[in-house]
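Colleague: The following block contains the structure, expressed as structure tokens.
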Amino acid sequence: DGWSMNIFLEEMCSFYQSFISGQPSSFKPLSIQYLDYALWQRDRLSGEVLEKEFKYWEKKLSGIKPLHSLPIDKPRPTNQTHYGRQQQIVVSKEISQKVVSLSKKANVTLFMTMLASFKLLLYRYSGELDIIVGSPIAGRNHPETEDLIGFFVNTLVLRTSFSANNSFLGLLEKVRETCLEAYTHQEIPFEKLVELLQPERSLSYSPIFQVMFLLQEDNLSAFNLNGLELSYFDIETNIVKFDLTCFVARTSNGLEVSLTYNTSLFEDETITRMLENYQVLLESLIDNPSQRISTLPILSDKEQSMLLKEFNQTDVSYPKGVFIHQLFEKQVALTPNSIAVSFEDKSLTYQQLNEKANQLARKLIKLGAKAEVLIGICLERSLNLIIALLAILKSEAGYVPLDPSYPIERLAFMVEDSKVSILIIENELAVLFSINVIKVLLSKELDGELKEFEQESNSNIFNKALADNLAYVIYTSGSTGRPKGVLISHSSICNYLLWMKSYYPLTQESSILQTTSLSFDVSVREIFWPLISGARLVLPLQNSTGDTRYIVDMCLKHNITDIRFVPSMLKVFLEEEHLEHCKSLQRVFCGGEAMPVELEEQFFSKLQAELNNTYGPTETSVNATVWNCNPTSKKQRVPIGQPIANTKTYILDE
């Protein structure tokens, strides 16, 4: 062990001095040998002492998690590997001296201060307030063992629980207590402790702890070789025992902090960043040891700049004051005779869809539709649904989707809460609503015809609305379970749609399957993205999108190029027969839930298409970030990506 190496060096220097001076070497005879110690230890840990030690550790380690929560970069291998590397930083003499001074003021050792700071780093990375690390201890509690060469070292499990509201001094006191208790109960060998505790075992990680901490004094200067200077020769090793090991050495140049890491889990740049964060954290806690540990700065200037500025350089100049229906009308002028929307055996061209929407919009205006007026829309999937949505927007009003499958009580609340003044509804569904609003009835049997509005002009309507006026109101479940309306303006949703159009360009050959209920904002993308891009929107039957066999059939029948799933539904879709025949699929969007890495791998094993992981709450207009998945990725998690155009995202620690 390390202590033995010091004995060896001391004796070597003594022999060297004797040799060059021609004097005989003299050493006191050892009172015991290592074998004597081994026999003594075996006898001592066979009865009452062992039971007492074990009871302490059994209580101390009760309820521990089998594995740390540090974020890793790669999926953990089924069988633990031991390939690794090491990176190092040198803390300046000034900061190192301040760390030593803080230790003295707090009446703790340097080891305790550095251990507390390392545990603080682990907390800030993992969010865990119960941190367990292993640390070796010399194990030479008896004077007779101090001059023996042999393996006396034992590994202590240092568990510290604390609060995010603790100051660093408060954390340091808890670490001190942890260490002193562990020193008192250090006799039981770690291997024996594992044997007795019988923790949950796995072939993929070490038992009880996977992170190690060590501190060593640089004492080479104490060895005198008559003018010769001793120095360590670093031998690079690619073998590691643990996921992460922090090694601190106190040298004449300052504190050297090394991190040895398992390269099957961590990327080099992650450890580089972790060391940078550790250095910033050390400086922060030295300057403000009474500050709450959850608020101590940890980011370097470079990292702050990246997160706050570089990461958010998303400015794109889109046309100002444009509206969804105007973008659609522009596309109508370009491709009037192309198919805009299909449902079952019926279709409408761009010109037909535009004219019918204009006629219904004029009727809505006569009924009082204008900017900031909300119109409820309670229609099943149909050509009428798309006509009605465009008509509401052309009338300058905003729409409130009312899913016919929702309980009547929920629908009634949404209508009353949003103060809907006009309701577009199918004849068959009108009986659901007894509320006093103007009802515009559309015939399901005459889907897409709207003969009752033919007397209205079919020309485009001059727009007087403002970009900040409402485009729609989507009701989410709300944190309390009571529906909550989210108001989205024209400028916000148009920014998103223009980004979609440029980032994911469509052609007249593109076909988008609309799978999401109108009550979810993803439907906005599915419906309007193709309609402002000259592509074809394909509507499935109402309440059919949970049937993945039907979805496969639709993909084959309509040569669908783009589709969206939640991850759980994508998993079922990927297991369908005849999926391999869906050669037309070019892009699949996924969102609404976290995407498992296994699903990403399964996708690329089944489809030759692009997979995009999207993220964003309703308040940010459909999506705020997107990640283009990579079939060769070895990441531990599927990222949510970077912000879309003119959007800023910030990563918070809580």
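The numbers here are math on the coordinates, done by the rules we state, and not lab data. Values in this document were obtained by computation on a predicted structure and should not be read as measured data. Neighbour counts run over all protein chains shown; Cβ positions are idealised from the backbone, glycine included.
Colleague: Sequence gap of 8 or more, or different chains, plus Cα separation below 28 Å: how many lysine pairs satisfy both in the range 266-361?
Modeller: 6
Colleague: For the range 2-308, just say rounded, prolate or oblate: build the C-alpha gyration tensor, square-root its eigenvalues into a ≥ b ≥ c, call rounded for a/c under 1.5, and beyond that prolate if a/b exceeds b/c, oblate if not.
Modeller: Oblate shape, in that a/c is at least 1.5 and b/c is the bigger or equal ratio.
Colleague: Tell me, how many Å apart are the Cα centres for the range 512-537 and for the range 587-624?
Modeller: If you average the Cα positions of each part, the centres end up 16 Å apart.
Colleague: In whole Hz and in residue order, list the ³J(HN,Hα) couplings for the range 80-96 that follow from phi through the Karplus curve 6.51 cos²θ - 1.76 cosθ + 1.60, θ = phi - 60°; x for Gly and Pro.
Modeller: Calculated HN-Hα couplings, in order: 4, 9, 10, 8, x, 9, 9, 10, 9, 10, 10, 6, 4, 4, 4, 5, 4 Hz.
Colleague: Moving on to the next point. Test of understanding: given the chain, find the longest segment containing no chymotrypsin sites (Phe, Trp or Tyr not before Pro) that are in a DSSP loop and have at most 14 other Cβ atoms within 10 Å.
Modeller: The reported range is 234-461.
Colleague: Might you report the magnitude of the Cβ-based charge dipole of the chain about its Cα centre, with Lys and Arg at +1 and Asp and Glu at -1, to the nearest 20 debye?
Modeller: Charge dipole, the chain, about its Cα centre: 1440 debye, nearest 20.
Colleague: Starting from the range 425-502, pick out the trypsin sites (Lys or Arg not before Pro) whose DSSP state is loop and whose Cβ has at most 12 other Cβ atoms within 10 Å.
Modeller: Sparse-neighbourhood loop trypsin sites (Lys or Arg not before Pro): Lys464.
Colleague: Arrange Lys28, Lys606 by Cβ neighbour counts within 10 Å, fewest through most, would you?
Modeller: Lys28, Lys606
Colleague: Quick check on my link table: of Lys52/Lys105; Lys60/Lys241; Lys28/Lys52; Lys74/Lys648, which ones sit more than 32 Å apart, alpha carbon to alpha carbon?
Modeller: Lys52/Lys105; Lys28/Lys52
Colleague: Can you flag which of Lys55/Lys192; Lys119/Lys635; Lys59/Lys192 are past 18 Å Cα-Cα?
Modeller: Correct reply: Lys119/Lys635.
Colleague: Report the one residue of Phe27, Ile132, Ser62 whose Cα lies farthest in the direction of the positive end of the charge dipole of the range 2-308 (charges on C-beta: Lys and Arg +1, Asp and Glu -1; origin at the Cα centre).
Modeller: Ser62
Colleague: When a/c is below 1.5 the answer is rounded, else prolate if a/b is larger than b/c, else oblate, so apply that to the range 324-643 with a ≥ b ≥ c taken from the square roots of the Cα gyration tensor eigenvalues.
Modeller: prolate
Colleague: Can you sort Arg536, Arg42, Arg85 from fewest to most other Cβ atoms within 10 Å of each residue's own Cβ?
Modeller: Arg42, Arg85, Arg536
Colleague: What is the order of Thr614, Thr632, Thr263, Thr507, fewest Cβ neighbours within 10 Å to most?
Modeller: Ordered from fewest to most neighbouring Cβ atoms within 10 Å, Thr614, Thr632, Thr263, Thr507 come out as Thr632, Thr507, Thr263, Thr614.
Colleague: Right, something else. Can you bin the range 220-326 into rounded, prolate or oblate? Criterion: square roots of the alpha carbon gyration tensor eigenvalues sorted a ≥ b ≥ c, rounded for a/c under 1.5, prolate for a/b above b/c, oblate for the rest.
Modeller: Verdict is prolate for the range 220-326.
Colleague: Further question: Which entry is the computed semi-axes √(5λ) of the Cα gyration tensor in Å for this structure: [x] 47, 34, 22; [y] 74, 35, 22; [z] 70, 24, 23?
Modeller: Read-out taken from this structure: [z].
Colleague: Follow-up. Using the alpha-carbon centroid of each, what span in Å lies between the range 353-373 and the range 159-187?
Modeller: Value for the Cα centre distance between the two parts: 69 Å.
Colleague: For Lys464, which aspartates and glutamates qualify as cross-link partners when the Cα separation must be under 20 Å and same-chain residues fewer than eight apart are set aside?
Modeller: Glu329, Glu355, Glu372, Glu396, Glu456
Colleague: For the range 46-122 and the range 238-316, what is the separation of their Cα centres, given in Å?
Modeller: First find each Cα centre; the distance between them is then 15 Å.
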